[in-house]
Amino acid sequence: GAATPDLEAAKANVEAHSVLPTFTPPGAPFDARKCMAGKKILTIPVSSANPFTKNIATAMKAVGKELGFEVTEWENQARPTQWVQGMEFAINNKYSAIDMLGGVNPAVLGPQIAEAHKAGVEIFTSHLYDTIQKPDPSVDQSMAIPYHKVGELLADWVTYKTGGKVNALIVGSDEIVPTPAFVKGITDRLAKVCGPQCRYTYINAPVPEWSTKIKPSVQSALIADPTINYVIPIYDSMSQFVVPAIAITGKKNTVKIATFNGTPFVIDDVQKGTVEMDIGESIGWIARSILDGYMRKLCGLKTYDELYVPFYIFDSSNAKNAGSPAGYDRGYGDQHIAGYEKLWMLK
Amino acid sequence: MSEVRDMDAPAGANPGPRRRFNWVRFLEAYALLAALLLLGAIFGALRPEAFLSWANISTMLGSQAVLVVLTMALIIPLTAGDFDLSVASMLTLAAMILAVLNAQMGVSLWLAILAAVAAGFVTGVINAFFILYFRIPSLIVTLGTGTFINGIVLWMSGSMTISGLDDALTDFVVVRRLFGVPLAFYYALALCAVLWYFFEYTTPGRRLLFVGRGREVARLSGIRVDRVRLLCLIASGVLSAGAGIMYAGTIGAADPLSGLTFLLPGFAAAFLGATSISPGRFNAWGSLVAVYFLVIGITGLTILGIQTFVQNLFYGGGLVLAVALSQLVRHREAQEFS
Amino acid sequence: MSEVRDMDAPAGANPGPRRRFNWVRFLEAYALLAALLLLGAIFGALRPEAFLSWANISTMLGSQAVLVVLTMALIIPLTAGDFDLSVASMLTLAAMILAVLNAQMGVSLWLAILAAVAAGFVTGVINAFFILYFRIPSLIVTLGTGTFINGIVLWMSGSMTISGLDDALTDFVVVRRLFGVPLAFYYALALCAVLWYFFEYTTPGRRLLFVGRGREVARLSGIRVDRVRLLCLIASGVLSAGAGIMYAGTIGAADPLSGLTFLLPGFAAAFLGATSISPGRFNAWGSLVAVYFLVIGITGLTILGIQTFVQNLFYGGGLVLAVALSQLVRHREAQEFS
Amino acid sequence: MNLVSPRPRVPGQPPALALRHFSKRFGGAHALNDVSLDVMPGEVLGLLGQNGSGKSTLIKILAGYHAPEPGAELLIHGEGVTLPLSAGATERLGLAFVHQHLGLVSSLTVLENLRVGSIASHTRWWVNWGREHRRARETFARFGLDIDPGARVADLPQVQRALVAIVRAFETVRLPGREQAGILVLDEPTPFLPAAGVEQLFALVRAIVADGAAVVFVSHDVDEIMQITDRATVLRDGVLAGTLVTKDATPDAFVELIVGRRVQMFQAPPHDLSHAPVAAAVQDVRGGALIGVSMEVRRGEILGLAGLIGSGFDDLPYLVYGTRPADGGVLRASGIGERAMRDMSPAAALAAGIVLLPADRLGAAGVGQLSVADNISLPVLSEFRSLLLNWPAILARALALGHEYDVRPNDPRMNLAALSGGNQQKVLLAKWLQTEPALLLLDEPTQGVDVGARQHVFAALAAAAARGVAIIVASTDFGQLEQICDRVLIFARGAVVAELTGTAITKANIAEHCLRGGAVGASEAAPAMAQGFGTT
Ligand SMILES: Nc1ncnc2c1ncn2[C@@H]1O[C@H](COP(=O)(O)OP(=O)(O)OP(=O)(O)O)[C@@H](O)[C@H]1O
Ligand SMILES: Nc1ncnc2c1ncn2[C@@H]1O[C@H](COP(=O)(O)OP(=O)(O)OP(=O)(O)O)[C@@H](O)[C@H]1O
Ligand SMILES: [Mg+2]
Ligand SMILES: [Mg+2]
């Protein structure tokens, strides 16, 4: 890494993601209505009790209706046995494809996937792998997210904001598939643009133990190393346990939070100032991009395997655009809606 | 009827020689089964093509076999008067051992399975050691060992999901089918039959009951109470390991956390099951009915596309109301379970 | 010493004229406290600047207040012989009611708090109804109601985290401090003091104990057993709601799931607490010590930068070993808790 | 402690306690059916009846535990009281109870149990336990007792527990600040007391009666009734069978009224055992209270063990059976040859054909929540094991045994708890005797069993003896020893002090030997007690 922090590079990257995203068609237009006629997709969100994936699924259902084909959500609460049932249901009811959305790991459904393939049901995953990760070989179509780029953006942000004096506490959940790539994105970039004088610590807290582990761990870390000036919970729902940890250790003014996902309550916190920034993705955009990729695959067109979702930074300056209280899919503009309508020849 | 007579003979409370058929007892024993069928009928009426399809039914049967086995692991120590809160953690540990040894280190499947079962055995022994030697309530001990095991699993797995298990396992658990139903279900069924036979028709099984209901009486009747409890805890550990192996087989991988969600449903099934078939006792068939009563409800709701929170409402409400009903049948006379 | 005499006189020391100081009893009562201090000393020696800093200590004290209150909610029905597995769900519900009413609908904070407490009250009544009217074991009922409540919470919240609570709440819970310690801690402390006094020095407190230890005798002696149990369940519901309000206060928001993870730690603290201060009885100070024994260990480990899975190991291991120790002191004589 | 002053018995004074039309139904069956009775101030009324005749039910209604069927009235000192009695009302009315099985919580302290009355009925927001402790000590001292209020009841010997319950009742009945004298209700308190203890109790009763209190006294022991009561009322199957004035009634009259027919009092047929082989012998047993006891029992012999509580007579069965650790001694028995007592365990004993029927019926002898068939079949399950347990056969066996031992109702599927005390005891005897043991050890085999049922139990024992079973009976019920034993050993301070045989085995004789053997223990307490009252 450079001896002196490359603040310019950091600044540039940050600014690039601070402007409202514009829609550039990810591929050639095609008549979605026609080619999807009679096809149906079953989407299994990692948990219907997880608002992020739940809302993507809901958006997909809406788009599906608009395009005249069926998208079914398999309601579940993150129990692999429920996912298994979902798979079997799709197979038994002749779905064209199964979408594993936002964290359902194909690795834990090997037998069912094999069965699905036998039955000619295609296996898709969306918003699961990082683009630099190799999807499970059993997957026919993976709509991946460049988490490592998000990581780099976070790294750039903290470097930029601290003028290159970063001591970050990164909180992640190793059991979530893209976490390693995501974290690597942060750390590599820190090493690159911020250099050796920037330090970081990593804490792993499995999702079910977020409430019991994040708060005490962050507290202790902050006390053990008073020079920490940024906490980076890589998934922003973690921040609800980071915020109180910072509050109770009385470091509101010295320790900031930068995170990713654009979950409404976190954007609220950005408006309140308890969270400094949150990198958001437009749900509607994600849903459309997922379906776009899938439809191209199902229609035998040339497809692509990177979700087309611009990352957009919410900070004190623009958080209110997401509404107060903030809502999903608000504050990103609406270019994608018209964009995809054109792309799918709805007009 | 002969079946009924045999089954509730030990349960006792009905005149022998001048014995008429006892409707109340029959109702009490089969209310839950009836409720199950009713539920099935309702969902069947709403979505015949999806719900009543043999495919769906076999899926339901197959996918919950793990829970059935885990419930069996629970009712053994429960009958002997001990709680085992560590079963779910043990399930996860067994699955993870399997994955680490077989998928990561390439140890042969059978050796890996052996190791997993051994782990279950050891856990049982450790639980028993603290419960019997130190005389600590089983609830505390197993709560502690359970948490401890979770730690071990997180450590072993680096809290990652580990896949790539030998196909033979998934083969023998979910892929191979009989009448379209995955083998897993038949394993669970066989286990139920064995336990039922063991509890009702073998001397050790009866002794268990005395250990659970009257420790002192059992002791004075020459039963080695502590040895019985030890064996029960070991059995529970080993069966949980078995459940873990089946779980790994069902999903073809092992993850460090999802297994833990089986604990409460397991207890729910055990207690709900204790109100049916041979009411007042934890019993295998009752537990089986209980598991599938709850599963049918959840699956039906999911197929109807009802929002997920309704699943919790059904689960909780179903449990309480079902038990309340069976209490009404027995005129709300309190029954101590074991 | 006078304190000791007062505290365990009822618990069964032998004061009065020819009273010797009873070392075993003293050791038994204060072993856990000693362990806590020892642990603190060790970590203090390893990382004095970080661990012994007042900042850290006050953080530890403040951050566990919710768990302390929830444990209090548990030990009341436990003393009267009832399990309440619904406390954690109730905690979550209370927090969510607060968030929905106050943050979303803009109802005034005090009204919202009132509503949350009322919900706790109602939950207690419902639990009591099924337990006392239908004579269903409390374990089953509260397992069911707990799950049901989880469903309601998911529905209310649309399974979203809801933030934007009135700052006054966070203010009075974690922001305001006394000697650098958040007020939350003092609320918990006050509650402990009240419960301790209630259990040790009032006749209603003793009634609970009789109800828990000997229902029949309690009834024969003219104690209205069912009414006592009803009140205990209501108290437990209301206190859980209180814990929920404090939880919402600490994280300034409410989410539908995280609160549930308090259940097992709560039970661990309750049972571990029952081995110290006044051993053999669920007691407030004991639970307090237990909570902080476990949290000191965990904080210390994280400050040393040890991986998080070690927390589970410590939690489980610490629980079992601590209880085992206290059993060694009392020569491993089994003690029925309540 | 100021006491209600003694009052003269004015004629025409209203009864202290007047019950009218007390009825109680459990499910279908009447446990109590339209019972009315009076108890005058300064009177001791006996209450008798077979097990299940309704005595305790009546008492539990008085205690507010059961609600009587509509139509019942209760007058106390002539004033009507609303039923069911509310909590605390009993104490206010001066009603005090010693319930059957004492009504103590053994895992709590003596002090807490002593104060449960006020705990239940007075809501006090400050309890000074230090003071309560001192007051409790003073109380015990006044009764000439040395019991540590801080001790757990479970850690007290049975007799002291009984005394705690009794003291509690006496304290309640003599509470200051009530113008009327109290009413004391004793439900079978004596089975737990040694002869001397019974004497002490009666002394206390006489004292408070002299103060004008009214006493209801329940017992299965007709002699006790003759001793202490002025009148006695007999219940049969829940209805009032009659009332006798004690001083002009004979024991037989009572028994006849209780059982409803003339009972043939069981008398063991005299038979010569001098040539019978020795079934079992112990040498120099040490353990429990015993400090070196040697004795033998022959096949077909019924050997009684008697003594004051604490003399160790009731340790012997448990030591031999190996459930209490022995410190030393040797057991010689046909089944196992010679064996150090230390190595005895229930399993070993059973292997040697030695069986034990403990006194604690539903705690240690049988499981109430399991069926009669389950309980009976436990020791012999292996007989019914083929491919699977043969339940029809098990039920048939249970039915047959039930018939043989006259269990009523003879329904093997019924829970043991649903049977009455006497019937439970018959079932449990059958449970062990069906194994044709070489040696049967019994501890208080007829405690709380009514006079009718006793005869059945005795007959069953005699029949077993006739089949060559050696039987050892430890009991404080000297009357029953007289009825059934071929030989009685008297214990004192852990050793055998006397052996009675043949005609020497009489209730009086046994009692005398016990007292003389343990003179120290007995004569000390009694005067202390009297003087405890003298002071007031
Ligand atoms: N807890 C109970 N629940 C239901 N029925 C009971 C219960 N206790 C006793 N019974 C029934 O009430 C009947 C009366 O019992 P009772 O004590 O009168 O018998 P008994 O003839 O007195 O026996 P014995 O005189 O030999 O002791 C018994 O047949 C018993 O089945
Ligand atoms: N809770 C109950 N439920 C059902 N039956 C009961 C109950 N309590 C008592 N009984 C029955 O009522 C009848 C009267 O019982 P009770 O205890 O009054 O007899 P008792 O005269 O006290 O006998 P004992 O001399 O053995 O004490 C018995 O048949 C008994 O079995
Ligand atoms: Mg009675
Ligand atoms: Mg009887």
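Every number here is computed from the coordinates shown, using simple stated rules; none is lab data. Bear in mind that the values here come from a model prediction, so they are computed numbers and not experimental data. Quick reminder, even Gly has a Cβ in these numbers, built from the backbone with ideal geometry, and neighbours come from all protein chains shown.
A few comments on the model shown:
- Virtual paramagnetic centre 7 Å along Cα→Cβ of A:Thr24, amide N under 14 Å, in region A:310-347: A:310-311
- Between B:Trp155 and A:Thr201, the modelled label-to-label distance comes to 2.1 nm, taking each label 7 Å out from Cα in the direction of the beta carbon.
- Net charge over other residues, Cβ less than 11 angstrom from the Cβ of A:Phe69 (K, R count +1; D, E count -1): +4
- Centre separation in Å (Cα based) which lies between region D:127-150 and region A:125-172: 74 Å
- Inter-copy separations for C:Arg227, label at 7 Å along Cα-Cβ, nm, ascending: 5.2
- Listing B:Phe179, D:Phe266 from fewest to most neighbouring C-beta atoms within 10 Å gives B:Phe179, D:Phe266.
- For region D:94-99, the Karplus equation 6.51 cos²θ - 1.76 cosθ + 1.60, evaluated at θ = phi - 60°, returns couplings of x, 8, 10, 10, 10, 6 Hz by residue, with Gly and Pro reported as x.
- Region D:356-399 versus region D:176-238: alpha-carbon centroid distance in Å: 39 Å
- Across region A:33-50, rounded Karplus estimates of 3J(HN,Hα) from the backbone phi angles (6.51 cos²θ - 1.76 cosθ + 1.60, θ = phi - 60°) give 3, 4, 6, 8, 3, x, 8, 9, 10, 9, 10, 10, x, 3, 7, 6, 8, 9 Hz, Gly and Pro being marked x.
- For B:Leu38, inter-copy label distances in nm, listed shortest first [label point 7 Å out on the Cα-Cβ vector]: 5.8
- Mean projection area, nm², convex hull over Cα of the protein assembly as shown: 58.7 nm²
- Contact order for chain A, expressed relative to its length and based on alpha carbon pairs under 8 Å spaced 6+ residues apart, stands at 20 percent.
- Gaussian network model of chain C, springs between alpha carbon atoms under 10 Å - residue of C:Leu264, C:Leu33, C:Leu98 with greatest fluctuation: C:Leu264
- Under the simplified labelling scheme, the B:Phe198-D:Ala418 pair shows an inter-label distance of 3.0 nm, with each label point 7 Å from Cα along Cα→Cβ.
- FRET efficiency for C:Trp23 and D:Val497, using Cβ-Cβ distance with R0 set to 30 Å, rounded to 0.05: 0.15
- Rg and Dmax of region B:82-151, Cα atoms only, in Å: 13.2, 41
- FRET efficiency, 1/(1 + (r/R0)^6) with R0 30 Å, evaluated for D:Glu404 and D:His275 via beta carbons: 0.55
- Assuming charge only on the beta carbon of Lys and Arg (+1) and of Asp and Glu (-1), the dipole of the protein assembly as shown about its Cα centre is about 720 debye to the nearest 20.
- Euclidean distance of C-alpha centroids, region B:128-152 and region C:85-123, integer Å: 35 Å
- What the Kirkwood sum gives for region B:33-79 is a hydrodynamic radius of 12.3 Å, with every pair of different alpha carbons counted.
- For region C:32-329: relative contact order, % (alpha-carbon pairs under 8 angstrom, 6 or more apart): 34 percent
- Label point 7 Å beyond Cα along the C-beta direction, distances from B:Phe179 to other copies (nm, shortest first): 7.1
- Residues of type lysines that A:Lys11 reaches as a straight line, Cα spacing below 30 Å, ignoring anything fewer than 8 places off in the same chain: A:Lys149, A:Lys161, A:Lys165, A:Lys184, A:Lys192, A:Lys251, A:Lys252, A:Lys256, A:Lys272, A:Lys320
- Estimated FRET transfer efficiency when R0 is 60 angstrom, pair D:Arg131-A:Tyr304 (beta carbons, to 0.05): 0.10
- Whole-Hz ³J(HN,Hα) from phi, Karplus 6.51 cos²θ - 1.76 cosθ + 1.60, for region C:84-90, glycine and proline x: 10, 7, 8, 4, 5, 5, 4
- Bridging of D:Lys247 to aspartates and glutamates at a Cα separation below 20 Å is possible for D:Asp38, D:Glu43, D:Glu199, D:Asp221, D:Asp223, D:Glu224, D:Asp230, D:Glu256, once same-chain residues fewer than 8 apart are set aside.
- Radius 12 Å from Cβ of B:Leu74, net charge of other residues (Lys, Arg +1; Asp, Glu -1): -2
- Only one residue of A:Gly185, C:Pro48, A:Ala119 has its Cα farthest out toward the positive end of the dipole of the protein assembly as shown, where Lys and Arg carry +1 and Asp and Glu -1 on Cβ, and that residue is C:Pro48.
- Cα-based helix-to-principal-axis angle, D:391-404 vs chain D, degrees rounded to 10: 70 degrees
- Gaussian network model of chain B, Cα within-10 Å springs - most flexible of B:Pro137, B:Pro265, B:Pro77: B:Pro137
- Nonlocal amide H pairs with D:Gly46, under 5 Å, H built at 1.01 Å: D:Phe217, D:Asp230, D:Arg231, D:Ala232, D:Thr233
- Choice from A:Ser220, A:Ser239, A:Ser47 showing the highest fluctuation, given a GNM over chain A with Cα pairs closer than 10 Å: A:Ser220
- Paramagnetic reach from A:Lys342 (point 7 Å along Cα→Cβ, amide N under 19 Å) across region A:14-31: A:20-31
- Percentage of interatomic Cα-Cα distances in chain A larger than 38 Å: 17 percent
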